[in-house]
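The values are calculated or read from the model by the stated rules, or taken from the named source; none is laboratory data. Keep in mind it's a predicted model, so treat the numbers as computed, not measured. Because the Cβ atoms are built from the backbone with ideal geometry, glycine has one as well, and the counts that use them run over all protein chains shown.
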Amino acid sequence: MNSKFLRTATMATSALALAFSISACGAGNESDSGAPADGGDASLSGTLNGAGSSAQEAAVAAWTQGFQTANPDVTVNYDPAGSGAGREQFIAGGINFAGSDAALDEEEMTSAAAKCASDVIEVPTYISPIAVIFNLEGVADLNLSSATLGDIFSGVITKWNDPKIVAENPDAKLPSSDITPVHRSDDSGTTENFTDYLDQTSGGTWSKGAIQTWPFKSGEGAEGTSGVVAAVKGGKGTIGYADASQAGDLGVAKIKVGDEFVAYSPEGATKALDVSKEVDGASASTIVFQIDRKTTEAGTYPLVLVSYQMACTTYADAGVAGLVKGWLTYVTSQDGQKASAAGAGSAPLSAALSDKIAPIVEKIAAQ
(Lines give C-alpha, C1' and ligand atoms only; values in the text may rest on other atoms or scores of the structure.)
Protein backbone atom coordinates (compact mmCIF):
# COMPACT_ATOMS: atom_id res chain seq x y z
CA MET A 1 0.00 0.00 0.00
CA ASN A 2 1.19 3.49 -0.80
CA SER A 3 2.58 4.91 2.46
CA LYS A 4 1.29 8.37 1.61
CA PHE A 5 -2.19 7.25 2.55
CA LEU A 6 -1.43 5.51 5.86
CA ARG A 7 -2.72 7.27 8.93
CA THR A 8 -5.13 6.80 11.78
CA ALA A 9 -8.62 8.19 11.94
CA THR A 10 -7.82 10.06 15.11
CA MET A 11 -5.69 12.66 13.35
CA ALA A 12 -8.81 14.51 12.28
CA THR A 13 -10.96 14.41 15.39
CA SER A 14 -9.43 17.28 17.31
CA ALA A 15 -10.15 19.70 14.49
CA LEU A 16 -13.72 18.66 13.81
CA ALA A 17 -16.12 20.35 16.23
CA LEU A 18 -19.79 20.32 15.28
CA ALA A 19 -21.81 23.49 14.87
CA PHE A 20 -25.07 24.09 13.07
CA SER A 21 -26.52 27.26 14.53
CA ILE A 22 -25.76 29.75 11.78
CA SER A 23 -27.10 30.53 8.34
CA ALA A 24 -25.07 29.67 5.26
CA CYS A 25 -25.74 33.00 3.67
CA GLY A 26 -26.87 35.23 6.50
CA ALA A 27 -25.55 34.45 9.97
CA GLY A 28 -21.97 34.92 11.10
CA ASN A 29 -19.46 36.27 13.56
CA GLU A 30 -17.66 39.54 13.98
CA SER A 31 -14.76 39.92 11.54
CA ASP A 32 -13.62 42.07 8.64
CA SER A 33 -14.26 40.99 5.07
CA GLY A 34 -10.70 40.97 3.70
CA ALA A 35 -9.54 37.61 2.33
CA PRO A 36 -6.01 36.38 3.01
CA ALA A 37 -3.82 35.74 -0.01
CA ASP A 38 -1.66 33.18 1.79
CA GLY A 39 -4.03 31.78 4.44
CA GLY A 40 -3.30 34.46 7.04
CA ASP A 41 -4.98 37.81 7.66
CA ALA A 42 -4.82 39.64 10.97
CA SER A 43 -8.29 41.06 10.34
CA LEU A 44 -10.03 37.66 10.28
CA SER A 45 -11.81 36.46 13.38
CA GLY A 46 -14.89 34.46 14.25
CA THR A 47 -16.28 31.00 13.53
CA LEU A 48 -16.64 29.33 10.16
CA ASN A 49 -19.00 26.36 9.92
CA GLY A 50 -19.09 23.67 7.25
CA ALA A 51 -20.27 20.10 6.76
CA GLY A 52 -20.36 17.37 4.17
CA SER A 53 -17.96 14.94 2.55
CA SER A 54 -16.46 12.42 4.94
CA ALA A 55 -13.83 11.68 2.28
CA GLN A 56 -12.51 15.22 2.83
CA GLU A 57 -12.37 14.75 6.61
CA ALA A 58 -8.59 14.36 6.98
CA ALA A 59 -7.92 17.04 4.39
CA VAL A 60 -10.20 19.48 6.22
CA ALA A 61 -8.31 18.70 9.43
CA ALA A 62 -5.05 19.63 7.71
CA TRP A 63 -6.55 22.79 6.22
CA THR A 64 -8.08 23.73 9.57
CA GLN A 65 -4.73 23.44 11.31
CA GLY A 66 -3.00 25.58 8.70
CA PHE A 67 -5.76 28.18 8.46
CA GLN A 68 -6.23 28.54 12.22
CA THR A 69 -2.46 28.77 12.74
CA ALA A 70 -2.31 31.63 10.25
CA ASN A 71 -5.50 33.17 11.70
CA PRO A 72 -5.44 32.53 15.46
CA ASP A 73 -8.73 34.36 16.06
CA VAL A 74 -10.63 32.03 13.69
CA THR A 75 -12.32 28.72 14.56
CA VAL A 76 -13.27 26.31 11.78
CA ASN A 77 -15.91 23.67 12.51
CA TYR A 78 -16.59 20.85 10.04
CA ASP A 79 -19.04 17.97 10.42
CA PRO A 80 -18.14 15.03 8.11
CA ALA A 81 -21.78 13.99 7.90
CA GLY A 82 -21.54 12.91 4.26
CA SER A 83 -21.87 14.66 0.92
CA GLY A 84 -25.66 14.46 0.76
CA ALA A 85 -26.06 15.86 4.25
CA GLY A 86 -23.61 18.67 3.50
CA ARG A 87 -25.47 19.75 0.38
CA GLU A 88 -28.80 19.60 2.24
CA GLN A 89 -27.50 21.72 5.12
CA PHE A 90 -25.98 24.26 2.75
CA ILE A 91 -29.20 24.59 0.76
CA ALA A 92 -31.16 24.89 4.02
CA GLY A 93 -28.88 27.69 5.23
CA GLY A 94 -27.41 25.80 8.19
CA ILE A 95 -23.72 26.15 7.30
CA ASN A 96 -21.38 28.60 5.59
CA PHE A 97 -19.84 26.13 3.15
CA ALA A 98 -20.30 22.50 2.15
CA GLY A 99 -18.01 19.71 1.00
CA SER A 100 -19.32 17.15 -1.49
CA ASP A 101 -17.94 14.30 -3.57
CA ALA A 102 -20.73 14.94 -6.07
CA ALA A 103 -21.56 18.22 -7.75
CA LEU A 104 -24.87 19.95 -7.19
CA ASP A 105 -27.53 18.82 -9.63
CA GLU A 106 -29.70 21.37 -11.44
CA GLU A 107 -32.45 21.37 -8.83
CA GLU A 108 -29.98 21.65 -5.95
CA MET A 109 -28.14 24.49 -7.68
CA THR A 110 -31.40 26.41 -8.15
CA SER A 111 -32.32 25.96 -4.48
CA ALA A 112 -28.84 26.90 -3.28
CA ALA A 113 -28.78 30.05 -5.42
CA ALA A 114 -32.16 31.07 -4.02
CA LYS A 115 -30.92 30.60 -0.46
CA CYS A 116 -27.69 32.47 -1.17
CA ALA A 117 -29.54 35.21 -3.07
CA SER A 118 -26.51 35.09 -5.34
CA ASP A 119 -24.55 32.77 -7.58
CA VAL A 120 -23.15 29.60 -6.00
CA ILE A 121 -19.44 28.85 -6.07
CA GLU A 122 -18.58 25.20 -6.67
CA VAL A 123 -14.89 24.35 -7.12
CA PRO A 124 -12.75 21.22 -6.76
CA THR A 125 -10.72 21.13 -3.57
CA TYR A 126 -9.73 17.49 -3.12
CA ILE A 127 -8.68 14.69 -5.48
CA SER A 128 -8.29 11.15 -4.19
CA PRO A 129 -8.48 7.55 -5.38
CA ILE A 130 -11.33 5.39 -4.12
CA ALA A 131 -9.85 2.22 -2.68
CA VAL A 132 -11.53 -1.18 -2.95
CA ILE A 133 -10.76 -2.36 0.58
CA PHE A 134 -11.05 -5.97 1.76
CA ASN A 135 -10.46 -8.15 4.79
CA LEU A 136 -9.75 -11.74 3.78
CA GLU A 137 -7.55 -13.96 5.91
CA GLY A 138 -4.53 -15.30 4.08
CA VAL A 139 -4.96 -12.97 1.10
CA ALA A 140 -2.81 -9.84 0.94
CA ASP A 141 -2.96 -9.09 -2.79
CA LEU A 142 -6.09 -9.08 -4.90
CA ASN A 143 -6.90 -8.17 -8.51
CA LEU A 144 -10.48 -7.28 -9.40
CA SER A 145 -11.79 -6.07 -12.75
CA SER A 146 -14.77 -3.74 -12.83
CA ALA A 147 -16.88 -6.55 -14.33
CA THR A 148 -16.11 -8.74 -11.32
CA LEU A 149 -16.69 -5.85 -8.91
CA GLY A 150 -20.07 -5.22 -10.52
CA ASP A 151 -21.07 -8.83 -9.89
CA ILE A 152 -19.80 -8.73 -6.30
CA PHE A 153 -21.61 -5.54 -5.32
CA SER A 154 -24.77 -6.59 -7.19
CA GLY A 155 -24.86 -9.83 -5.18
CA VAL A 156 -24.26 -12.11 -8.18
CA ILE A 157 -20.87 -13.33 -6.96
CA THR A 158 -21.22 -14.51 -3.37
CA LYS A 159 -18.16 -16.72 -2.74
CA TRP A 160 -14.51 -15.76 -2.65
CA ASN A 161 -13.51 -18.76 -4.77
CA ASP A 162 -15.93 -17.85 -7.57
CA PRO A 163 -14.35 -18.76 -10.93
CA LYS A 164 -14.27 -15.10 -12.03
CA ILE A 165 -12.23 -14.07 -8.99
CA VAL A 166 -9.99 -17.14 -9.31
CA ALA A 167 -9.29 -16.33 -12.96
CA GLU A 168 -8.05 -12.86 -12.01
CA ASN A 169 -6.02 -14.17 -9.07
CA PRO A 170 -4.51 -17.52 -10.14
CA ASP A 171 -1.81 -17.44 -7.47
CA ALA A 172 -4.04 -16.50 -4.53
CA LYS A 173 -5.39 -19.04 -2.03
CA LEU A 174 -9.01 -17.99 -2.15
CA PRO A 175 -11.35 -19.60 0.41
CA SER A 176 -14.84 -20.91 -0.28
CA SER A 177 -16.30 -18.57 2.33
CA ASP A 178 -19.02 -15.98 1.74
CA ILE A 179 -18.32 -12.47 0.51
CA THR A 180 -19.85 -9.67 2.56
CA PRO A 181 -20.00 -6.48 0.46
CA VAL A 182 -20.10 -3.30 2.56
CA HIS A 183 -21.69 -0.18 1.13
CA ARG A 184 -22.58 3.32 2.33
CA SER A 185 -25.98 3.48 4.04
CA ASP A 186 -26.21 7.27 3.71
CA ASP A 187 -26.50 9.34 0.53
CA SER A 188 -22.90 9.46 -0.58
CA GLY A 189 -20.81 11.15 -3.25
CA THR A 190 -18.28 8.37 -2.83
CA THR A 191 -21.03 5.89 -3.73
CA GLU A 192 -21.91 8.00 -6.76
CA ASN A 193 -18.29 7.99 -7.94
CA PHE A 194 -17.89 4.26 -7.29
CA THR A 195 -21.12 3.35 -9.10
CA ASP A 196 -20.29 5.74 -11.94
CA TYR A 197 -17.06 3.81 -12.41
CA LEU A 198 -18.93 0.50 -12.41
CA ASP A 199 -21.64 1.85 -14.69
CA GLN A 200 -19.13 3.02 -17.30
CA THR A 201 -16.67 0.12 -17.19
CA SER A 202 -18.29 -3.10 -15.93
CA GLY A 203 -19.78 -4.13 -19.25
CA GLY A 204 -23.24 -4.38 -17.73
CA THR A 205 -22.58 -6.41 -14.58
CA TRP A 206 -23.57 -3.23 -12.70
CA SER A 207 -26.94 -2.08 -14.01
CA LYS A 208 -28.11 0.54 -11.51
CA GLY A 209 -26.33 3.55 -12.95
CA ALA A 210 -24.40 6.24 -11.10
CA ILE A 211 -26.32 6.72 -7.85
CA GLN A 212 -25.84 8.23 -4.41
CA THR A 213 -28.25 5.90 -2.56
CA TRP A 214 -27.39 2.18 -2.48
CA PRO A 215 -30.04 0.21 -4.42
CA PHE A 216 -29.71 -3.27 -2.89
CA LYS A 217 -30.76 -4.63 0.49
CA SER A 218 -28.06 -7.31 0.37
CA GLY A 219 -24.67 -6.82 1.94
CA GLU A 220 -23.96 -4.57 4.91
CA GLY A 221 -24.60 -0.84 5.08
CA ALA A 222 -22.45 1.58 7.09
CA GLU A 223 -22.66 5.33 7.55
CA GLY A 224 -19.83 7.54 6.36
CA THR A 225 -16.37 6.65 5.14
CA SER A 226 -15.22 5.77 8.64
CA GLY A 227 -18.24 3.48 9.07
CA VAL A 228 -17.42 1.50 5.92
CA VAL A 229 -13.77 1.17 6.94
CA ALA A 230 -14.77 0.01 10.44
CA ALA A 231 -17.25 -2.53 9.05
CA VAL A 232 -14.70 -4.01 6.65
CA LYS A 233 -12.04 -4.08 9.35
CA GLY A 234 -14.39 -5.66 11.89
CA GLY A 235 -15.74 -8.37 9.59
CA LYS A 236 -14.40 -11.47 7.88
CA GLY A 237 -14.55 -11.90 4.14
CA THR A 238 -15.66 -8.29 3.78
CA ILE A 239 -15.11 -5.93 0.86
CA GLY A 240 -16.04 -2.27 0.50
CA TYR A 241 -15.13 1.04 -1.11
CA ALA A 242 -13.75 4.11 0.64
CA ASP A 243 -11.61 7.15 0.10
CA ALA A 244 -8.07 5.79 -0.12
CA SER A 245 -6.86 8.21 2.55
CA GLN A 246 -8.76 6.14 5.12
CA ALA A 247 -7.81 2.64 3.92
CA GLY A 248 -5.31 2.26 6.75
CA ASP A 249 -3.81 -1.24 6.99
CA LEU A 250 -6.65 -3.02 5.19
CA GLY A 251 -6.03 -4.94 1.99
CA VAL A 252 -6.62 -2.87 -1.14
CA ALA A 253 -7.39 -4.48 -4.49
CA LYS A 254 -5.80 -3.49 -7.77
CA ILE A 255 -8.29 -2.57 -10.50
CA LYS A 256 -8.01 -3.36 -14.20
CA VAL A 257 -7.05 -0.47 -16.48
CA GLY A 258 -6.61 -1.62 -20.05
CA ASP A 259 -4.73 -4.93 -19.87
CA GLU A 260 -3.06 -4.22 -16.52
CA PHE A 261 -4.12 -4.35 -12.88
CA VAL A 262 -3.22 -1.03 -11.29
CA ALA A 263 -2.77 -0.05 -7.65
CA TYR A 264 -4.09 3.30 -6.45
CA SER A 265 -1.76 6.25 -6.12
CA PRO A 266 -2.10 10.04 -5.91
CA GLU A 267 -0.21 10.28 -9.20
CA GLY A 268 -2.70 7.94 -10.87
CA ALA A 269 -5.59 10.01 -9.53
CA THR A 270 -4.08 13.24 -10.83
CA LYS A 271 -3.51 11.67 -14.24
CA ALA A 272 -7.14 10.52 -14.36
CA LEU A 273 -8.22 14.14 -13.87
CA ASP A 274 -5.77 15.30 -16.52
CA VAL A 275 -7.41 13.07 -19.15
CA SER A 276 -10.93 14.14 -18.12
CA LYS A 277 -13.00 17.10 -19.30
CA GLU A 278 -14.92 19.84 -17.54
CA VAL A 279 -18.70 19.58 -17.71
CA ASP A 280 -20.16 21.73 -20.49
CA GLY A 281 -22.55 24.47 -19.49
CA ALA A 282 -21.08 25.15 -16.04
CA SER A 283 -21.52 28.71 -14.81
CA ALA A 284 -18.74 31.27 -14.45
CA SER A 285 -18.52 30.44 -10.74
CA THR A 286 -18.35 26.63 -11.03
CA ILE A 287 -15.74 24.14 -12.18
CA VAL A 288 -17.03 20.55 -12.40
CA PHE A 289 -15.33 17.55 -14.03
CA GLN A 290 -16.71 14.52 -15.85
CA ILE A 291 -14.17 11.79 -15.06
CA ASP A 292 -13.09 9.56 -17.95
CA ARG A 293 -13.56 6.19 -16.26
CA LYS A 294 -12.90 4.26 -19.48
CA THR A 295 -9.38 5.53 -20.04
CA THR A 296 -6.76 2.87 -20.69
CA GLU A 297 -3.85 5.29 -20.57
CA ALA A 298 -0.89 3.90 -18.65
CA GLY A 299 -0.47 5.24 -15.13
CA THR A 300 -4.08 6.34 -14.66
CA TYR A 301 -6.35 5.24 -11.80
CA PRO A 302 -9.88 6.07 -13.01
CA LEU A 303 -11.64 4.96 -9.82
CA VAL A 304 -11.15 8.43 -8.41
CA LEU A 305 -13.29 11.09 -6.80
CA VAL A 306 -13.02 14.81 -7.28
CA SER A 307 -14.52 16.44 -4.22
CA TYR A 308 -15.86 19.98 -4.23
CA GLN A 309 -16.57 22.78 -1.81
CA MET A 310 -19.60 25.02 -2.26
CA ALA A 311 -20.18 28.54 -1.04
CA CYS A 312 -22.26 31.62 -1.78
CA THR A 313 -20.87 34.42 -3.95
CA THR A 314 -22.32 36.95 -1.50
CA TYR A 315 -23.16 36.81 2.22
CA ALA A 316 -25.36 39.16 4.24
CA ASP A 317 -22.69 39.31 6.94
CA ALA A 318 -19.36 40.85 5.88
CA GLY A 319 -17.55 38.81 8.52
CA VAL A 320 -18.79 35.52 7.10
CA ALA A 321 -17.88 36.66 3.58
CA GLY A 322 -14.32 37.34 4.71
CA LEU A 323 -14.00 34.01 6.47
CA VAL A 324 -15.33 31.97 3.55
CA LYS A 325 -13.19 33.88 1.07
CA GLY A 326 -10.10 33.44 3.21
CA TRP A 327 -10.82 29.73 3.75
CA LEU A 328 -11.33 28.89 0.08
CA THR A 329 -8.37 31.03 -0.96
CA TYR A 330 -6.16 28.95 1.33
CA VAL A 331 -7.73 25.55 0.61
CA THR A 332 -7.35 25.89 -3.17
CA SER A 333 -3.91 27.51 -3.06
CA GLN A 334 -0.76 25.50 -3.64
CA ASP A 335 0.12 25.88 0.07
CA GLY A 336 -3.27 24.51 1.08
CA GLN A 337 -3.00 21.65 -1.39
CA LYS A 338 0.44 20.76 -0.06
CA ALA A 339 -1.03 20.66 3.45
CA SER A 340 -3.79 18.23 2.45
CA ALA A 341 -1.36 16.10 0.44
CA ALA A 342 0.84 15.79 3.52
CA GLY A 343 -2.00 15.28 5.98
CA ALA A 344 -4.41 13.18 3.92
CA GLY A 345 -2.34 11.77 1.06
CA SER A 346 -4.51 13.49 -1.54
CA ALA A 347 -3.42 14.38 -5.03
CA PRO A 348 -2.93 18.16 -5.14
CA LEU A 349 -4.68 20.37 -7.64
CA SER A 350 -2.39 21.44 -10.45
CA ALA A 351 -1.01 24.96 -10.35
CA ALA A 352 -3.01 25.74 -13.49
CA LEU A 353 -6.27 24.59 -11.88
CA SER A 354 -5.53 26.54 -8.68
CA ASP A 355 -4.93 29.64 -10.80
CA LYS A 356 -8.24 29.07 -12.60
CA ILE A 357 -10.11 28.78 -9.28
CA ALA A 358 -8.56 31.91 -7.71
CA PRO A 359 -10.64 34.55 -9.57
CA ILE A 360 -13.83 32.61 -8.78
CA VAL A 361 -13.08 32.68 -5.05
CA GLU A 362 -12.12 36.35 -5.33
CA LYS A 363 -15.79 37.11 -6.18
CA ILE A 364 -16.95 36.33 -2.61
CA ALA A 365 -18.15 39.53 -0.94
CA ALA A 366 -20.75 41.00 1.38
CA GLN A 367 -24.18 41.74 -0.06
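So how many residues does region 326-339 have that are of a type in the set (V, I, T), over 19 Å from R87 (Cα atoms) and in a helix (DSSP H, G or I)?
Let us first name the residues in region 326-339 that are of a type in the set (V, I, T), namely 329, 331-332.
Narrowing the set further to residues that are over 19 Å from R87 (Cα atoms) leaves 329, 332.
Cutting the leftovers down to in a helix (DSSP H, G or I) gives us 329.
The total comes to 1.
Looking at this structure, is E192 in the same structural domain as A321 (by TED's automatic domain parsing), of a type in the set (D, E) and touching a residue at least 60 places away in the same chain (Cβ under 8 Å)?
no
Among the listed residues K256, K217, which satisfies the condition of being of a type in the set (K, R) and modelled with pLDDT of 95 or more?
Details: K217 fails: modelled with pLDDT of 95 or more.
Among K256, K217, only K256 is of a type in the set (K, R) and modelled with pLDDT of 95 or more.
Among the residues of region 347-363, is any hydrophobic (A, V, I, L, M, F, W, C) and either touching a Phe, Trp or Tyr at 6+ places or on another chain (Cβ under 7 Å) or not assigned by TED's automatic domain parsing to the domain that holds A70 (or both)?
no
Just one of A51, A24 is surrounded by 24 or more Cβ atoms within 10 Å (Cβ to Cβ), at pLDDT below 50 and not in a helix (DSSP H, G or I); which is it?
Numbers: A51 fails: at pLDDT below 50.
When all the criteria are applied, what remains is A24.
Please verify whether region 289-311 includes one or more residues that are basic (K, R) and either more than 26 Å from G240 (Cβ to Cβ) or surrounded by 23 or more Cβ atoms within 10 Å (Cβ to Cβ) (or both). Spell out how you get there, then give the answer.
First pass over region 289-311, keeping only residues basic (K, R): 293-294.
Within this subset, residues satisfying the condition of being either more than 26 Å from G240 (Cβ to Cβ) or surrounded by 23 or more Cβ atoms within 10 Å (Cβ to Cβ) (or both) are none.
Looking for residues that are basic (K, R) and either more than 26 Å from G240 (Cβ to Cβ) or surrounded by 23 or more Cβ atoms within 10 Å (Cβ to Cβ) (or both), one finds none in region 289-311, hence no.
Exactly one condition in (1) out of contact with any helix residue (DSSP H, G or I) (no Cβ under 9 Å at 6 or more places or on another chain); (2) outside the structural domain of A347 (by TED's automatic domain parsing); (3) not hydrophobic (A, V, I, L, M, F, W, C) is not met by T148; state its number.
(1)
Take residues that are over 25 Å from R184 (Cα atoms) and tell me which of the strands (runs of 3 or more DSSP E) falling wholly in region 230-281 contain 1 or more.
On the way: elements: 238-243, 254-257, 260-262.
The qualifying strands (runs of 3 or more DSSP E) are 260-262.
Looking for whichever is without any contact (Cβ under 8 Å) to a residue 60 or more places away in the chain, surrounded by 21 or more Cβ atoms within 10 Å (Cβ to Cβ) and hydrophobic (A, V, I, L, M, F, W, C) here; the options are I121, I130, I165. Which one fits? Step through it out loud before you land on a result.
On the way: I121 fails: without any contact (Cβ under 8 Å) to a residue 60 or more places away in the chain; I130 fails: without any contact (Cβ under 8 Å) to a residue 60 or more places away in the chain.
So the residue among I121, I130, I165 that is without any contact (Cβ under 8 Å) to a residue 60 or more places away in the chain, surrounded by 21 or more Cβ atoms within 10 Å (Cβ to Cβ) and hydrophobic (A, V, I, L, M, F, W, C) is I165.
Looking at V262, V304, V279, which one is out of contact with any His (no Cβ under 8 Å at 6 or more places or on another chain) and more than 27 Å from A167 (Cβ to Cβ)? Explain how you work it out, then say what you get.
Values: V262 fails: more than 27 Å from A167 (Cβ to Cβ); V304 fails: more than 27 Å from A167 (Cβ to Cβ).
V279 is the lone residue from the list that is out of contact with any His (no Cβ under 8 Å at 6 or more places or on another chain) and more than 27 Å from A167 (Cβ to Cβ).
This table checks each residue for (1) charged (D, E, K, R); (2) in contact with a helix residue (DSSP H, G or I) (Cβ under 6 Å, 6 or more places away or on another chain); (3) at pLDDT below 95.
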position	(1), (2), (3)
A59	no, yes, no
Q68	no, no, no
V76	no, yes, no
E88	yes, no, no
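Counting just the residues of region 294-325 that are aliphatic (A, V, I, L, M) and assigned to a loop (DSSP other than H, G, I, E, B), which one comes out farthest from the chain's Cα centre (by Cα)?
From region 294-325, those aliphatic (A, V, I, L, M) are 298, 303-306, 310-311, 316, 318, 320-321, 323-324; that's our starting set.
Now restrict to residues that are assigned to a loop (DSSP other than H, G, I, E, B): 298, 303, 316.
Working: A298: 24, L303: 12, A316: 29 Å.
Looking at the filtered set, the residue picked out is A316.
List pairs: first in region 170-185 and crowded, with 18+ Cβ neighbours inside 10 Å, second part of a strand (DSSP E or B) and among the acidic types (D, E), Cβ under 9 Å, 6+ apart or cross-chain?
T180/E220; P181/E220; V182/E220; H183/E220; S185/E220
Test of understanding: among T225, T205, which residue is touching a residue at least 40 places away in the same chain (Cβ under 8 Å), part of a loop (DSSP other than H, G, I, E, B) and crowded, with 18+ Cβ neighbours inside 10 Å?
Working: T225 fails: part of a loop (DSSP other than H, G, I, E, B).
Among T225, T205, only T205 is touching a residue at least 40 places away in the same chain (Cβ under 8 Å), part of a loop (DSSP other than H, G, I, E, B) and crowded, with 18+ Cβ neighbours inside 10 Å.
Being farther than 12 Å from L48 by Cα and touching a Ser or Thr at 6+ places or on another chain (Cβ under 6 Å) is the filter here, so list the residues in region 71-103 that pass it.
Result: P80, G82, S83, G86, R87, I91, G93, G99, S100, D101, A102.
Being touching a helix residue (DSSP H, G or I) at 6+ places or on another chain (Cβ under 9 Å) and acidic (D, E) is the requirement here; does D178 meet it? Break it down stepwise before answering.
Working: touching a helix residue (DSSP H, G or I) at 6+ places or on another chain (Cβ under 9 Å): no; acidic (D, E): yes.
Answer is no for this residue.
Hey, can you tell me all the residues within region 271-288 that are touching a Phe, Trp or Tyr at 6+ places or on another chain (Cβ under 9 Å), touching a residue at least 60 places away in the same chain (Cβ under 8 Å) and buried (at least 19 other Cβ atoms within 10 Å of the Cβ)?
L273, T286, I287 - these are the residues of region 271-288 that are touching a Phe, Trp or Tyr at 6+ places or on another chain (Cβ under 9 Å), touching a residue at least 60 places away in the same chain (Cβ under 8 Å) and buried (at least 19 other Cβ atoms within 10 Å of the Cβ).
For region 252-260, state whether one or more residues are surrounded by fewer than 22 Cβ atoms within 10 Å (Cβ to Cβ), more than 30 Å from E122 (Cβ to Cβ), basic (K, R) and in contact (Cβ under 8 Å) with a residue 24 or more places away in the chain.
Looking for residues that are surrounded by fewer than 22 Cβ atoms within 10 Å (Cβ to Cβ), more than 30 Å from E122 (Cβ to Cβ), basic (K, R) and in contact (Cβ under 8 Å) with a residue 24 or more places away in the chain, one finds at least one in region 252-260, hence yes.
What about F194, is it assigned to a loop (DSSP other than H, G, I, E, B), hydrophobic (A, V, I, L, M, F, W, C) and over 14 Å from L136 (Cα atoms)? Full working, then the answer.
Values: assigned to a loop (DSSP other than H, G, I, E, B): no; hydrophobic (A, V, I, L, M, F, W, C): yes; over 14 Å from L136 (Cα atoms): yes.
Against the criterion (assigned to a loop (DSSP other than H, G, I, E, B), hydrophobic (A, V, I, L, M, F, W, C) and over 14 Å from L136 (Cα atoms)), F194 does not qualify.
Taking region 340-360 as the search range and keeping residues that are buried (at least 24 other Cβ atoms within 10 Å of the Cβ) and outside any loop (DSSP other than H, G, I, E, B), which one is modelled with the highest pLDDT?
Step one: filter region 340-360 for residues buried (at least 24 other Cβ atoms within 10 Å of the Cβ), giving 340, 344-347, 349.
Filter once more, keeping what is outside any loop (DSSP other than H, G, I, E, B): 340, 344, 347.
Numbers: S340: 95, A344: 90, A347: 90.
My answer is S340.
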